[in-house]
1. Answer with yes or no whether Leu67 is within 13 Å of the ligand (Cβ to nearest atom), of a type in the set (A, V, I, L, M, F, W, C) and at negative phi.
2. Among the numbered criteria (1) closer than 30 Å to Cys212 by Cβ; (2) touching a helix residue (DSSP H, G or I) at 6+ places or on another chain (Cβ under 7 Å), which one does Lys154 miss?
3. Is there any pair linking a residue in the stretch 32-45 that is assigned to a loop (DSSP other than H, G, I, E, B) to one that is crowded, with 24+ Cβ neighbours inside 10 Å and among the small types (Gly, Ala, Ser), with Cβ under 8 Å and at least six apart or on different chains, and which?
4. For the stretch 12-23, give me the residue count where each residue is in contact with a strand residue (DSSP E or B) (Cβ under 6 Å, 6 or more places away or on another chain) and more than 16 Å from the ligand (Cβ to nearest atom).
5. Of Thr287, Thr277, Thr319, which residue is closer than 24 Å to Arg210 by Cα, touching a helix residue (DSSP H, G or I) at 6+ places or on another chain (Cβ under 7 Å) and among the hydroxyl-bearing types (Ser, Thr, Tyr)?
6. Take the residues in the stretch 100-125 that are more than 13 Å from the chain's Cα centre (by Cα) and within 16 Å of the ligand (Cβ to nearest atom), then tell me which one is farthest from Asp298 (Cα to Cα).
7. Across the stretch 198-222, what is the total count of residues that are assigned to a helix (DSSP H, G or I), more than 22 Å from Ala245 (Cβ to Cβ) and hydroxyl-bearing (Ser, Thr, Tyr)?
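The values are calculated or read from the model by the stated rules, or taken from the named source; none is laboratory data. These numbers come from a predicted model, not from an experiment. Positions of Cβ are backbone-derived with ideal geometry, glycine not excepted, and every protein chain shown enters the neighbour counts.
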Amino acid sequence: MDSPYVYTRYGNPTWERYERALGELEDAEVVLFASGMAAVAAVLLAVLEPGSSAVLPSDCYLGVRALAEQQPAQRGVAVSLVPTARMDPSSVPEGTGLLWLESPSNPGLDVCDIAALAESGNARIVAVDNTFATPLGQRPLDLGADLSVTSATKHLSGHADVMMGFVATRDHGLAKSVRDWRRTAGSIPGPFEAWLAHRSLATLELRLSRGCENAAAIAALLLARGDVSGVRYPGLPSDPAHELAARQMSRFGTIVSFDLGSRERADAFLAAAELITEATSFGGVHTSAERRARWGQDEVPEGFIRLSAGCEDAGDLLTDIERALAALG
Ligand SMILES: Cc1ncc(COP(=O)(O)O)c(C=O)c1O
């Protein structure tokens, strides 16, 4: 009974080693979950109090919006949605129970001022979905957030073969709430998956550095073309989010978005590009992309593509993209 490992749903030495390693990156307590959504659910269901209120981005990851609009609402939580680009202290009423931020946002790559929003004190708890940036690209807890939530399915594990998520916090009471929730709800990661994800941590910095360089090169190439519009990458000096992103991020990430004008052109591009795998996930060693409007849940044009740059040779990738664009005529 006194052993911490009396039953694997209660605790497991393999998760704990990975949690300690992630905790060193975050300077925080880390609680690992079965997926990014399991980590999000722990915050929305175990931290957000019934009968309180929450403000979320209207343009955040569609799975988070779906969950927030279902479960908390059924528990009497008033949920309001604000676009990330317009998220400022005046959009968060005083006494808000939970402010959920996602910066940069998925898929539109807008950015909000995390420090200003946390400092305003309008929300009792501020949580940031840090999946696009990763702890090596942005440190929400240093910017004043109470919780940093990451889908480790993406860059952290990096090989598109593991699902995992985690919550990081410097508040022991919050860590206990989500850890207790994990035990009772059973949203635990498998020990084997945790071991695999932990192994990937050694190459995170290398993969991220190469992916960010490739993303910057792809964004610059797309921006210079007349047949591509709406190019977004926070690292582009001309990007509307650049100034703020440069202040609060230490790298601009691997994700680029752009518009090819129509569903047909976007589908033809994805079919013609040989080095781009068509996939909805991102953050892997291989470049992937999808036509985001296919889900019908994000406010994006029909030809909008969200691309995640991988670790391929930059020259090969740029040549492939130019060739696929040329094939569109
Ligand atoms: C920004 C963001 N947060 C959370 C999630 C959920 O993560 P998972 O798929 O690991 O449950 C995703 C998934 O795509 C995401 O893009």
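1. Numbers: within 13 Å of the ligand (Cβ to nearest atom): yes; of a type in the set (A, V, I, L, M, F, W, C): yes; at negative phi: yes.
So Leu67 fits the description; yes.
2. Unmet condition: (2).
3. Ala34/Gly165; Ser35/Ser151; Ser35/Gly165
4. Residues in the stretch 12-23 being in contact with a strand residue (DSSP E or B) (Cβ under 6 Å, 6 or more places away or on another chain) and more than 16 Å from the ligand (Cβ to nearest atom): 2 in total.
5. On the way: Thr277 fails: touching a helix residue (DSSP H, G or I) at 6+ places or on another chain (Cβ under 7 Å); Thr319 fails: touching a helix residue (DSSP H, G or I) at 6+ places or on another chain (Cβ under 7 Å).
Being closer than 24 Å to Arg210 by Cα, touching a helix residue (DSSP H, G or I) at 6+ places or on another chain (Cβ under 7 Å) and among the hydroxyl-bearing types (Ser, Thr, Tyr) holds for just one of Thr287, Thr277, Thr319, which is Thr287.
6. In the first step, residues of the stretch 100-125 are kept if they are more than 13 Å from the chain's Cα centre (by Cα); the result is 112-125.
Checking which are within 16 Å of the ligand (Cβ to nearest atom) leaves us with 112, 114.
Values: Cys112: 18, Ile114: 23 Å.
Result: Ile114.
7. 1
Yes or no, residue by residue, for (1) crowded, with 20+ Cβ neighbours inside 10 Å; (2) within 19 Å of Leu196 (Cα to Cα); (3) away from the ligand (no atom under 16 Å from the Cβ):
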site: Tyr10; (1), (2), (3): no, no, yes
site: Leu25; (1), (2), (3): no, yes, yes
site: Glu29; (1), (2), (3): yes, no, yes
site: Val43; (1), (2), (3): yes, no, no
site: Leu62; (1), (2), (3): no, no, no
